[in-house]
Amino acid sequence: MKTLEKKTITDYEALPEGSPYQLIEGELIMSPAPGFEHFRSSKRVFVRLYRLIEDAGKGEVIYAPVDLYLDEENVYQPDIMVVLKGSKARITNKGVYGPPDVVVEILSPSTAYYDLRLKKKVYERAGVREYWIVDPMERSLEIYTNSEEGFKLTSRVVEKGKVFSKVLDIDLDLEEVFKEV
């Protein structure tokens, strides 16, 4: 049986610009366009973070699609990244190199497995300080904070209430994320 050869950043960068792929643990994974609820949730989280982080001069909030280079076999396009002043992450014209302070992934049926399993492990290993998982179908938001023991669930809300980000020192009201139009 032939085994697949792992892909690297070189293979990823050879793709045409705008290709709907991410490099996850050495495998090129196609990511189809997300649904509207994904878009709506992502937009609302971004706007709230923008107001709380960029308007306050604390750092930069980055909206997909922007490449995040974590190692030779992992290049992602998280829905949202937060890079605070003094962060380990480096922002360049090609993308972000190194772990952002916060990564936000909005779950979609086609990407949930990767977001909840493989990418979560890589974010943890790479040193992302907080990992947020927004689930538009469940109307929930979970915040995992990285510690010596790895990611630990530190805040979770379903439908109503606020989550607290230790890294950003902010509250986020779920009703603002999932409000009806």
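The values are calculated or read from the model by the stated rules, or taken from the named source; none is laboratory data. The shown structure was predicted, so the numbers you read here are calculated from the model rather than taken from an experiment. Cβ sites come from the backbone with ideal geometry, for glycine too, and all protein chains shown count toward neighbours. Please note that ligands, DNA and RNA were not included when accessible areas were found on the heavy atoms of the full protein model with its side chains. Shrake-Rupley method; radii C 1.70, N 1.55, O 1.52, S 1.80 Å.
Scan region 36-54 and give yes if some residue there is within 26 Å of V177 (Cα to Cα) and in a loop (DSSP other than H, G, I, E, B), otherwise no. Checked region 36-54: no residue is within 26 Å of V177 (Cα to Cα) and in a loop (DSSP other than H, G, I, E, B). Taking the numbered list (1) more than 18 Å from the chain's Cα centre (by Cα); (2) under 19 Å from V103 (Cα atoms) in turn, E25 passes all entries but (1). Residues satisfying the criterion are present in region 85-92 (criterion: within 22 Å of A56 (Cβ to Cβ), of a type in the set (A, V, I, L, M, F, W, C) and open to solvent by 60 Å² or more (accessible area, probe 1.4 Å)). Selection of region 28-50 for residues being open to solvent by 60 Å² or more (accessible area, probe 1.4 Å), within 17 Å of L174 (Cβ to Cβ) and in contact (Cβ under 8 Å) with a residue 60 or more places away in the chain yields E37, R48. The set of residues in region 71-84 being in contact with a Pro (Cβ under 7 Å, 6 or more places away or on another chain) and open to solvent by 20 Å² or more (accessible area, probe 1.4 Å) consists of Q77 alone. Can you name every residue in region 1-27 that is part of a strand (DSSP E or B) and open to solvent by 50 Å² or more (accessible area, probe 1.4 Å)? Matches in region 1-27: Y21, E27. Residues in region 51-65 that are at pLDDT 95 or above and either open to solvent by less than 30 Å² (accessible area, probe 1.4 Å) or more than 19 Å from V167 (Cα to Cα) (or both): I53, G59, V61, I62. Every condition in (1) over 30 Å from L28 (Cα atoms); (2) open to solvent by 10 Å² or more (accessible area, probe 1.4 Å); (3) outside any helix (DSSP H, G or I) is met by L172 except one, and the failing one is (2).
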